[in-house]
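Single-structure report; data block below.
The values are calculated or read from the model by the stated rules, or taken from the named source; none is laboratory data. Quick caveat, the model's predicted, so the values are computed rather than measured. No Cβ is skipped: glycine too gets one built from the backbone with ideal geometry, and neighbour counts run over all protein chains shown.
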Amino acid sequence: MPDLLIELFSEEIPARMQTRAGEDLKKRITDGLVEAGLTYAGAAVLTTPRRLTLTVQGLLAESPTVREERKGPKVGAPDKAIEGFLRGAGVTRDQLEERDTPKGAVYFATIEKAGRPAADIIAEVLDATIRNFPWPKSMRWGSGTMRWVRPLHSILCILSDETGTEVVPLTVEGITSGDTTEGHRFMAPGRFAVNSFEDYEAKLKRAFVMLNPSERAEHIWNDATNQAFAAGLEVVDDKGLLAEVAGLVEWPVVLMGKIDDDFLELPPEVLQTSMKEHQKFFSVKNPKTGRIEKFITVANRETTDNGATILAGNQKVLSARLADAKFFWENDLRTAKSGMSAWTDALGNVTFHNKLGTQAERIERIAALARELAPVTGADADQAEKAARLAKADLSSEMVYEFPELQGLMGRYYIEAAGEDAAVAAVAQEHYSPLGPSDDVPTAPLSVTVALADKLDTLTGFWAIDEKPTGSKDPFALRRAALGVIRLVSENNLRLSQKKCFGLGIGLQQYSIEFRDAHSRGQEHEVEKIGPTGFITDGNDEKSVHLLSFFHDRLKVFLRDEGIRHDVIDACIAMEGNDDLNLLVKRARALNAVIATEDGENLVQGFKRANNILTQAEEKDGVEYSYGADLKFAETDSEKALFAALAEAEKQIAPALEAEDFPTAMTAMAALRGPIDAFFEEVQVNSDNDVLRRNRLNLLSQIRTICSSVADLTKVEG
């Protein structure tokens with residue numbers, strides 16, 4: 001069985017596209033080979049800035065001969081039907097076979113497709129792959145029509161086995177395949193032939209090309225950390241930057257440079273961001289002080305001066321970049337120390353959304369929400385309002401304008417520089433969190449308050465203008481915002497009525513919308529008379545109810561990773577107080593734990609049986625059996641035992657629910673499993689004796705009432 005080696009050699013491929021391109025090459029080639037009948041033992045893809053390489057091991061030398069039997073029309077069918085079948089099957093009339101079937105004599109054709117050499121199939125698949133490759137961005141060059149991410153120079157495509165090497169012949173837009181490649185652009189120019197993947201990889205290494213991106217990344221990290229350690233320093237971990245830099249070089253040479261003393265007092269995050277974004281440098285910090293003191297750069301070649309010229313050039317460019325950063329930092333500090341009103345006022349000229357007003361208007365709403373939320377989170381209302389008004393002030397700063405990814409972090413520095421409390425300053429950085437499922441959740445009361453207000457304002461705003469997520473489209477990240485609210489509430493154990501929050505948030509949004517509309521007509525005083533409170537609802541309006549339903553759907557996603565089933569959550573959502581997300585999460589976790597046990601699972605079945613019998617009887621009799629059963633009519637031991645068990649369960653469940661101790665309530669409910677099972681095994685509910693029948697139906701009603709006080713078990717699937 002031969003091995004296949006493909007290399008597509010081009011000008012430099014952007015680092016961010018290399019991994020995906022390698023995956024696409026592997027999938028398209030291997031899928032095409034298998035579809036044509038060529039199976040293989042294994043495949044791997046490797047990338048460098050100038051090449052996509054695929055190796056396929058244990059490939060069939062040719063596709064197998066395939067025989068297919070096809071059923072045709074009946075014997076004696078019209079000639080046109082038979083001729084159509086012959087054309088479709090690619091056979092002649094004398095190749096047809098007559099067979100008897102239960103429906104009479106029928107024509108059958110046996111179609112044989114001969115196998116094809118692997119080289120022919122590979123050529124077709126590779127040609128189609130190159131011509132239709134899914135680059136995010138591509139270009140044409142010269143007079144050709146083919147598109148590639150950068151000009152494609154050569155195609156290496158060989159089959160090799162113990163007998164030798166064969167070039168797979170194909171030509172794509174004037175580029176003919178061969179068995180040669182090139183080494184490093186500067187250190188080993190010129191082409192050379194290869195005869196297998198092992199030979200290819202070894203010769204590339206001698207030509208100063210590390211083919212494996214993981215090997216390049218490991219080499220960079222090891223060399224960087226060793227150099228930093230020798231200087232008593234540490235490299236700041238950044239896996240994303242490491243992967244990107246490994247995609248920029250074929251022969252990584254790690255160099256450590258010094259940052260000018262003028263810039264060492266800049267915040268470490270400013271230094272790190274500036275070096276990463278502009279220069280692709282790693283930051284090197286002093287572990288004792290946390291200060292960034294040096295940098296690591298990765299060159300793509302060795303030099304006779306051991307990188308001195310390269311370092312000198314990089315340090316010169318870096319100094320110019322950091323001089324800008326220092327200028328922004330010092331200007332921003334002066335503004336912050338003289339009061340941040342200049343920045344907050346400037347946000348009145350920044351549009352948040354054309355239907356939701358400016359950032360300044362949004363901050364007013366967030367501040368109002370924060371004041372209302374403060375009693376729930378345990379924050380001081382005045383501090384919460386102040387923190388909300390300052391949290392986004394840094395959006396007007398020069399530093400954040402240059403480096404948007406530093407928003408919040410710079411706000412923390414500036415608010416502290418303005419003389420505000422550290423807890424208020426921390427809100428600027430922490431109120432954006434959590435941004436994702438693995439992001440840390442703020443725990444400081446002020447930060448939690450403003451984070452909730454910020455996310456609730458976003459959600460209620462877009463609900464107020466009917467801009468909701470549809471399908472996979474969520475341009476304003478509203479699903480992420482809802483999950484953020486759920487995590488903030490749940491992980492901080494907050495008791496919060498979402499309906500009340502939605503009524504307040506949507507009311508504030510509506511006031512802003514009406515005020516802007518009235519202002520455009522010169523009638524804003526009419527809206528001012530009503531005031532924001534005139535638009536606030538109790539949360540039972542249509543928009544709030546729909547937003548709560550959206551939250552319930554997000555809650556299912558949030559709890560899915562814990563193994564909590566959707567039907568369990570539905571059983572809890574059906575209960576009163578379903579707008580209290582923390583209560584809902586606790587109830588769902590407790591119910592899920594009980595249902596996972598044998599008693600819990602069987603109890604659900606017993607409950608459903610009782611509920612079905614009771615429902616059918618109530619429909620038939622036209623009455624509701626909810627008046628309480630009488631023990632004196634109990635005939636059997638199991639019936640009497642059920643009376644006792646229900647009384648005991650009710651005695652435990654009611655106070656547990658009052659105390660919101662759901663595990664205790666669920667456990668007490670699960671304990672009913674045995675008595676209910678015994679009752680149904682021994683007792684006929686629909687007795688011929690009407691008195692006994694009514695009493696037993698009322699007993700089933702007690703089962704339904706007690707179980708339904710814990711969760712709506714009708715929603716739980718069997």
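Listed conditions (1) β-branched (Val, Ile, Thr); (2) modelled with pLDDT under 95; (3) more than 29 Å from residue 131 (Cβ to Cβ) are all met by residue 235, apart from (2).
In summary, helices (runs of 4 or more DSSP H) completely within segment 411-523 and bearing 1 or more residues that are in the same structural domain as residue 361 (by TED's automatic domain parsing) and within 22 Å of the chain's Cα centre (by Cα) occur at 422-430, 445-464, 478-491.
Considering 202, 123, 114, 128, the condition of being of a type outside the set (Ser, Thr, Tyr), over 17 Å from residue 56 (Cβ atoms) and modelled with pLDDT of 95 or more is satisfied by 202 alone. Checking each residue of segment 348-358 against the condition of being part of a helix (DSSP H, G or I), touching a helix residue (DSSP H, G or I) at 6+ places or on another chain (Cβ under 6 Å) and more than 24 Å from residue 496 (Cβ to Cβ) gives at least one match. Based on what the data block shows, is residue 218 in the same structural domain as residue 157 (by TED's automatic domain parsing) and either on the phi > 0 side of the Ramachandran plot or at pLDDT 95 or above (or both)? When the stated conditions are applied, residue 218 does not pass them. The residue list 20, 28 contains one member that is buried (at least 16 other Cβ atoms within 10 Å of the Cβ), basic (Lys, Arg) and not assigned by TED's automatic domain parsing to the domain that holds residue 109, which is 28.
The lone criterion from (1) assigned by TED's automatic domain parsing to the domain that holds residue 493; (2) touching a helix residue (DSSP H, G or I) at 6+ places or on another chain (Cβ under 9 Å) left unmet by residue 337 is number (1).
Report those strands (runs of 3 or more DSSP E) wholly inside segment 85-176 carrying at least 3 residues which are farther than 30 Å from residue 13 by Cβ. Because the criterion is at least 3 residues that are farther than 30 Å from residue 13 by Cβ, the strands (runs of 3 or more DSSP E) in segment 85-176 that meet it are 97-101, 104-113. I'd like the full set of residues that are farther than 19 Å from residue 55 by Cβ, more than 31 Å from the chain's Cα centre (by Cα) and surrounded by 17 or more Cβ atoms within 10 Å (Cβ to Cβ), limited to segment 147-172. Listed by number, the residues that qualify are 147, 152, 172.
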